[in-house]
Amino acid sequence: MPTDLQLKKLKSAAQAASRRAYAPYSKFHVGAAVLANSGKIYAGCNVENASYGLTNCAERTAIFSAIAAGEKSIACVVVYTPTKTATAPCGACRQVINEFGPSAQIISCCAGREQIAVSLEALLPGAFGPADLA
Ligand code: THU
């Protein structure tokens, strides 16, 4: 679990990232912030494409940014949407989170009061992962 200070920073990074979302098609702006096990925070937003299927979710943008910076594992993912209710990561993002943080904490927050805090195991029970290929 992140500390209170880390959680505050993660939420603020996720909210700031949501303002950079490239979402001209869905108009659904999402920001994410990842706490790597090094203690560093990486942010990302959703990046859509005119070829819709190429869209990258905010969570994966943030995770790929962390991995590209040299991180090996992640402890927590915070998702922010400027909506009344909180949004859980999509199935593809759950699978990508599992790759680098099978025990990660997932926290979804929004413009409203709702906040969802759940483990990745709860969101993706019985996950297929690296150990299955060993
Ligand atoms: N999206 C995310 O970025 N994260 C999620 O967890 C759910 C969906 C994005 C993808 C697309 O740009 C838009 O939200 C609508 O699906």
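Details
- Each Lys and Arg contributes +1 and each Asp and Glu -1, all at the Cβ; summed about the Cα centre of region 4-127, the dipole is approximately 360 debye.
- Altogether, the Stokes-Einstein calculation at 4 °C and 1.567 mPa s, with the Kirkwood radius of the chain over Cα pairs as Rh, returns a diffusion coefficient of 89 µm²/s.
- Net charge over other residues, Cβ less than 13 angstrom from the Cβ of residue 86 (K, R count +1; D, E count -1): +2
- Counting Lys and Arg as +1 and Asp and Glu as -1 over every other residue whose Cβ lies under 13 Å from the Cβ of residue 57, the net charge comes to 0.
- Rounded to the nearest whole Hz, the Karplus-based 3J(HN,Hα) values (6.51 cos²θ - 1.76 cosθ + 1.60, θ = phi - 60°) of region 122-130 follow the sequence 6, 7, 9, x, x, 4, 7, x, x, with x at glycine and proline.
- Checking every one of the trypsin sites (Lys or Arg not before Pro) in region 10-83 against DSSP loop status and a limit of 14 other Cβ atoms within 10 Å picks out 19, 27, 40, 72.
- Loop GluC sites (Glu not before Pro), region 32-134 (other Cβ atoms within 10 Å of the site Cβ: 14 or fewer; DSSP): 114
- Helix content alone sets the calculated 222 nm mean residue ellipticity of the chain: runs of n ≥ 4 DSSP H residues at -39500 (n - 2.57) each, divided across all residues, give -9000 deg cm²/dmol.
- Value of D in µm² per second that Stokes-Einstein yields for region 62-102, Kirkwood Rh from Cα pairs, at 37 °C (0.692 mPa s): 291
Computed from the coordinates by the stated procedures, all read-outs in this text should not be read as laboratory data. Values in this document were obtained by computation on a predicted structure and should not be read as measured data. In this analysis, Cβ positions are derived from the backbone assuming ideal geometry, glycine residues included, and neighbour counts consider all displayed protein chains.
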